[in-house]
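Notes to accompany the following structure.
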Amino acid sequence: MAEETGKIKIEKKKLRQILAERTRSSAAELRQETRKHVVTAVIAAFGFIIALVWKDVITSYVGIIVEKLTLSGPEHLILLYSALITTIIAVMGVVIINKWGNKPA
């Protein structure tokens, strides 16, 4: 009986060690994943700031393009033309960046 109690204690100790190791491992994985998500969020925030800075520049140049193309009409149509031109330029930029990013090393 005493021998069984000793074996049970040894098994409990082993199980505690296994549980402690798994807990440490899980905590390390959680820290790593959290760090990845924080980095992604910060990069997205910087991207948003960059987009805000470029907004005025792009709006100005699109306005110049609309004037050069002598597109006229009510203000809402001018805004529509500007949005369409901006969208076309942005889509071309996305396509170019995707092609560049997908090139094999």
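The values are calculated or read from the model by the stated rules, or taken from the named source; none is laboratory data. This one's a predicted model, so the numbers in the text were calculated from it and none came from an experiment. A quick note on method: Cβ atoms are made from the backbone with ideal geometry, for glycine too, and the neighbour counts reach across all protein chains shown.
Give the number of residues within the range 48-58 that are among the charged types (D, E, K, R) and either surrounded by 10 or more Cβ atoms within 10 Å (Cβ to Cβ) or in contact with a Ser or Thr (Cβ under 8 Å, 6 or more places away or on another chain) (or both).
Residues of the range 48-58 among the charged types (D, E, K, R): 55-56.
Going one step further and asking which of them are either surrounded by 10 or more Cβ atoms within 10 Å (Cβ to Cβ) or in contact with a Ser or Thr (Cβ under 8 Å, 6 or more places away or on another chain) (or both), we end up with 55.
Of the residues in that region, 1 qualify.
Considering only residues that are exposed (fewer than 10 other Cβ atoms within 10 Å of the Cβ) and not in a helix (DSSP H, G or I), which ones fall in the range 59-101?
Correct list: 70, 73, 74.
State whether one or more residues within the range 5-16 are of a type outside the set (A, V, I, L, M), under 34 Å from the mean Cα position of the chain (by Cα) and surrounded by fewer than 10 Cβ atoms within 10 Å (Cβ to Cβ). Can you show your working first?
Initial filter on the range 5-16 (of a type outside the set (A, V, I, L, M)): 5-7, 9, 11-14, 16.
This time we only want the ones that are under 34 Å from the mean Cα position of the chain (by Cα), so: none.
So far as the range 5-16 goes, no, none of its residues is of a type outside the set (A, V, I, L, M), under 34 Å from the mean Cα position of the chain (by Cα) and surrounded by fewer than 10 Cβ atoms within 10 Å (Cβ to Cβ).
Confirm whether residue 53 is modelled with pLDDT of 85 or more and either part of a helix (DSSP H, G or I) or charged (D, E, K, R) (or both). It would help to see each step written out before you state the result.
Values: modelled with pLDDT of 85 or more: yes; either part of a helix (DSSP H, G or I) or charged (D, E, K, R) (or both): yes.
So residue 53 passes the test.
Out of all the residues in the range 19-32, is one or more in a helix (DSSP H, G or I), touching a residue at least 12 places away in the same chain (Cβ under 8 Å) and on the phi < 0 side of the Ramachandran plot?
Filtering the range 19-32 down to residues in a helix (DSSP H, G or I) leaves 19-32.
Checking which are touching a residue at least 12 places away in the same chain (Cβ under 8 Å) leaves us with none.
Taking every residue of the range 19-32 in turn, none turns out to be in a helix (DSSP H, G or I), touching a residue at least 12 places away in the same chain (Cβ under 8 Å) and on the phi < 0 side of the Ramachandran plot.
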